[in-house]
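Notes for the one structure printed next.
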Amino acid sequence: AAVQARRLRRINPELAVIAIADTLENVPMGRLRGLLLGCVDSRVARRTLNWLAWRLGVPWIDAGVHGEELLARINVHMPGPAQPCLECAWEARDYETLEQAYPCAGNVTPPATNAPSALGALAAALQALECRKLLEGDRERLAIGKQVTVSARTHRHYVTRFAVNPACRFDHETWRIEVLARGPEHVTVREAFELGRGVETGGEPLRLGVPHQTFASALCCLACGDRRGFSLYLLGRLDVAEQRCARCGGRMRAAGADLFEWLPEADLPPAMKSVPLRSLGFRRGDVFTVAGAAGAPHFQIGATA
């Protein structure tokens, strides 16, 4: 990310570039508003991008290559009630072959694609041209809901139109997200619950959660079994050094009993409710949901631009 940021600044010094070296799931949603250009190499990452684009209501343009057949392709997705998403074109086998390992975590080596860099450049060029049309408002010529594939082997191109799949496993929901002026250092856990309570709770107990994140209260060493407990914290936000065992230097993991998708308001001690969200690993731009309130309202902590 840092290398690409330097290249962009050299190309255009007037660009404001922010390099975020992290997994896609760990990037605050507020950082992804506007337009998404997908340059990822796995179905899992594309599925996450699709989810983010629809939840935020922002267009996204996916790009990909097929090394052996010398194919470069782009898909243009425009979230909307009558627009197909990525998963509308998926079949059962696409879900069955979703990756279970994440190369970015450093514990696996991704297989070689055997795709020449020139093929990637071709896909990127197609993507950039569609991006330009979108920014210029040229929707009439934008490949919305379509896949454009160029064969560098035969010099032919193909355009495939997709339709909304009634059996799609994705709900196509776009969230209404209220942006808070204050950052995570100025919003306490109690205040976060109060924001949700202000929307009519319907009498249900409130729970607080962050999309694609889990809270952890302890880590266990896979090598020696040592266990280290701590205050609730977003697992994805723990530093690499914090996940090393102090006794043997091995990698520590969070066990199921120490992981929480939601924080129930009724189960939190008063002291925990008084701490700022930053103390739990929240970052500016994070979106949290208060479940139990009518409509499960969503809030973004602090503006990002």
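Quick one: is Ala241 of a type in the set (A, V, I, L, M) and farther than 16 Å from Gly281 by Cβ? Answer is no for this residue.
Pairs linking a residue in the range 12-23 that is in the same structural domain as Val40 (by TED's automatic domain parsing) and more than 30 Å from Val240 (Cα to Cα) to a residue that is of a type in the set (A, V, I, L, M) and in a loop (DSSP other than H, G, I, E, B), with Cβ atoms under 9 Å and 6 or more positions apart or on different chains, do not occur. Of the residues contained in the range 36-45, one or more are found to be of a type in the set (Lys, Arg), closer than 21 Å to Gln213 by Cα and in the same structural domain as Pro116 (by TED's automatic domain parsing).
Provide a single number: the residues in the range 174-200 that are basic (Lys, Arg) and in contact with a Lys or Arg (Cβ under 9 Å, 6 or more places away or on another chain).
In the first step, residues of the range 174-200 are kept if they are basic (Lys, Arg); the result is 176, 182, 190, 197.
Those still in the list that are in contact with a Lys or Arg (Cβ under 9 Å, 6 or more places away or on another chain) too: 190.
The total comes to 1.
Take the range 38-60 and flag every residue that is farther than 19 Å from Glu91 by Cβ and among the aromatic types (Phe, Trp, Tyr). Selection gives Trp54, Trp60. Looking across the range 206-236, the residues that are touching a Gly at 6+ places or on another chain (Cβ under 7 Å) and either under 21 Å from Asp267 (Cβ atoms) or polar (S, T, N, Q) (or both) come down to Leu206, Arg207, Gln213, Ser217, Ala218, Tyr233, Leu234. Would you check if there is a residue in the range 119-130 being over 15 Å from Asn75 (Cα atoms), at pLDDT below 95 and either of a type outside the set (Phe, Trp, Tyr) or not in a helix (DSSP H, G or I) (or both)? No, the conditions are met nowhere in the range 119-130.
The values are calculated or read from the model by the stated rules, or taken from the named source; none is laboratory data. Not measured: the values here are computed from a predicted model. Positions of Cβ are generated from backbone atoms using ideal geometry, with glycine treated the same way; all protein chains shown enter the neighbour counts.
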